[in-house]
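Data first, discussion second: the structure below is written as C-alpha cells.
Values in this text are rule-based calculations from the coordinates and carry no lab data. On a predicted model such as this, the values are computed, not experimentally measured, just so you know. Glycine gets a Cβ as well: all are built from the backbone with ideal geometry, and neighbour counts include every protein chain shown.
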Amino acid sequence: MQSRSSKSPKRRSAGNPKHNKGLTPSAAPPPIRAIFLDVDGVLTDGRLYMDDRGREMQIFDTKDGHGIKMALAAGLKVAWISGRTSLATARRAKDLGVRFCYQGVKDKLARYEALCRRWRLRPEETAAIGDDEPDVPLLKAAGFSASPADATPPARRAAKVVLRRLGGRGAVREFVERVLALNAQRPRGFPSPKRRERKTT
C-alpha cells in the first residue's frame, strides 16, 4: 500500500499577481508611438542626381511612400531628420502628409530628444531607422531601431535589426511593417500623458 505525503503540492493561482509577474502589462514593452527616419540612404538610395545646371534630384520609392502612409494611418507620429537640406525632400514629405520634416540637422539625437519631450514619449515608445554614422546615437537611443541592408557597418552594429531591403528600395516599408507587427503584439494599456496645447491669442 502506497503512503501519501501529508503535504500536498501548492498550486499557483493563475489569478495571483505574485505568480504572474512576467505576464502583467507593466512588464511588457509599450506600443511604439513615433518613428524617426533619416532621409539619404534610407528613404533614398543615398545617391545624388544632378542635371547639367547643377539642380539636384532625388528618387523615392512608392512602396516606401505607402509605408509612411500606413504609419500615419495607424496613428504613429512620423518625423524625418536629415543632415542635408533638399527641396525634393521637403516636397516629398508634404506629398505624404509628413508634418515633422527637419533638414540641416547636425545633432540628430538632440532633435530626437526634443521631440520626445514635446510628445511626452519614453524611448521604448519610439523606433528609428538610419544608415550611417550620424544616425548611430539615434539608433541606440530608440527602443526599436533598424538599418537598411546596405547601411554602413557602424549603423548596422547600432541597430537592433538589419533589414532585408535596401535604402530607397523598400527598407522603409519593411521597417514600418515591423513596427506595426510589434504593436500588434503589445498591450494597449499605456496611454502617453496628454500634452496640454497652449492657446494662442
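For the reader, a short list of remarks on this structure follows.
- Ordering of 125-133, 104-112 by packing is 125-133, 104-112, highest average first (other Cβ atoms within 10 Å, averaged per residue).
- When each of the peptides 44-57, 84-97 is scored by how many other beta carbons lie within 10 Å of its residues on average, the order from highest to lowest is 84-97, 44-57.
- Förster-model FRET efficiency, 30 Å R0, residue 85 and residue 149, C-beta, rounded to 0.05: 0.65
- Pairs exceeding a 25 Å alpha-carbon distance, out of 63/160; 69/106; 63/106; 106/140: 69/106; 63/106.
- HN-Hα J in Hz across region 117-133 - Karplus 6.51, -1.76, 1.60, θ = phi - 60°, x for Gly and Pro: 5, 4, 8, 6, 10, 8, x, 5, 9, 10, 9, 9, 9, x, 10, 8, 3
- Taking 0.36 nm per residue of separation and subtracting the current Cα-Cα distance, fully stretching the chain between residue 69 and residue 184 would add 39.7 nm.
- For residue 77, a cut-off of 13 angstrom between C-alpha atoms picks up these aspartates and glutamates, skipping any fewer than 8 places away in its own chain: 125.
- Linear extension gain, residue 52 paired with residue 124, 0.36 nm per residue minus alpha-carbon span: 21.3 nm
- Normalised contact order of region 33-89, rounded percent, pairs of Cα under 8 Å and 6 or more residues apart: 48
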